[in-house]
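A short worksheet on the structure shown next.
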Amino acid sequence: MSYRIEGLALDAFAPLFGLSDAALAERGAVRVRADSERGYPCRVSLDHAVPGESVILLNHVSHDVPTPYRTAFAIFVREEAEEAGPYEGCLPPVLEGRMLSLRGFDPGGMLRQAVLAQPGEAEAAIEALLENGSIESVHAHTAAYGCFLARIGRA
């Protein structure tokens with residue numbers, strides 16, 4: 001089964017870019033500089049910020065549903081981000097080579113199945129989850145911190 005992964009819309013975050021640190025703080029956000037190759041996954045570009053690059057750390061509601069599974073947590077967005085084209089049948093850089101928590105949700109926003117995928121196992125795990133007819137979408141999260149990375153649907 002083919003799947004599709006898209007980054008978050010740049011328009012939702014563009015108003016934050018260029019704000020002062022004080023103005024970001026008023027919105028509960030923080031500007032930080034990436035200091036490693038893989039520690040700052042951008043949810044818009046679906047790629048990693050490079051060391052020295054400016055990113056905004058903010059709270060984001062990734063699963064805005066009227067169920068107990070409504071989810072919000074911290075994400076990074078690169079200030080120089082460009083929207084990623086959709087990834088169909090392949091993983092974007094932010095999902096490659098990391099342990100993932102993959103959570104399958106039904107159309108009503110209820111969690112139906114979840115798996116942990118080791119590096120190299122994500123594609124097979126995504127396809128297996130999407131074979132479950134009750135699952136509409138899969139949300140990928142970092143396994144250790146639980147941060148939302150991307151939403152995955154059927155292609």
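Throughout, read-outs are computed from the coordinates displayed, never taken from laboratory work. Note that the structure is predicted; figures quoted are calculated from it, not measured. Reconstructed Cβ throughout: ideal geometry from the backbone, glycine too, with neighbour counts over all protein chains shown.
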Filter the range 26-69 for residues that are within 21 Å of Ile152 (Cα to Cα) and acidic (Asp, Glu); the one that is nearest to the chain's Cα centre (by Cα) is Asp47
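Could you run through the range 99-112 and say how many residues are over 13 Å from the mean Cα position of the chain (by Cα) and charged (D, E, K, R)? Spell out the reasoning first.
Of the range 99-112, the ones over 13 Å from the mean Cα position of the chain (by Cα) are 99, 104-112.
Okay, now just the ones that are also charged (D, E, K, R), so 106, 112.
So the count comes out to 2.
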Suppose the filter is part of a loop (DSSP other than H, G, I, E, B), within 16 Å of the chain's Cα centre (by Cα) and under 29 Å from Leu19 (Cα atoms); does Ala72 pass it? no
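Out of all the residues in the range 110-155, which are assigned to a helix (DSSP H, G or I) and not small (Gly, Ala, Ser)? Reasoning before the result, please.
We begin by selecting, within the range 110-155, every residue assigned to a helix (DSSP H, G or I); these are 122-131.
Answer for the range 110-155, where residues must be assigned to a helix (DSSP H, G or I) and not small (Gly, Ala, Ser): Glu123, Ile126, Glu127, Leu129, Leu130, Glu131.
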Here the qualifying pairs (Cβ atoms under 6 Å; residues six or more apart or on different chains; first in the range 59-73 and without any contact (Cβ under 8 Å) to a residue 12 or more places away in the chain and of a type outside the set (Ser, Thr, Tyr); second part of a loop (DSSP other than H, G, I, E, B) and surrounded by fewer than 12 Cβ atoms within 10 Å (Cβ to Cβ)) come out as none
Within the range 1-31, the count of residues that are among the hydrophobic types (A, V, I, L, M, F, W, C) and either in contact (Cβ under 8 Å) with a residue 40 or more places away in the chain or closer than 19 Å to Ala122 by Cα (or both) comes to 8
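Looking at the range 112-134, which of its residues are touching a helix residue (DSSP H, G or I) at 6+ places or on another chain (Cβ under 8 Å) and farther than 15 Å from Ile5 by Cβ? Reasoning before the result, please.
We begin by selecting, within the range 112-134, every residue touching a helix residue (DSSP H, G or I) at 6+ places or on another chain (Cβ under 8 Å); these are 113, 115, 117.
Scanning the range 112-134 gives Gln113, Val115.
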Scanning the range 59-100 for residues that are closer than 12 Å to Cys147 by Cβ and surrounded by fewer than 17 Cβ atoms within 10 Å (Cβ to Cβ) gives Asn59, Ala72, Phe73, Ala74
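Counting only residues that are among the polar types (S, T, N, Q) and buried (at least 17 other Cβ atoms within 10 Å of the Cβ), which one in the range 101-138 is nearest to Arg151 (Cα to Cα)?
Initially, the range 101-138 is screened for residues among the polar types (S, T, N, Q), giving 101, 113, 118, 132, 134, 137.
After this cut, where a residue has to be buried (at least 17 other Cβ atoms within 10 Å of the Cβ) as well, the list is 101, 137.
Values: Ser101: 12, Ser137: 7 Å.
Among those that are among the polar types (S, T, N, Q) and buried (at least 17 other Cβ atoms within 10 Å of the Cβ), it is Ser137.
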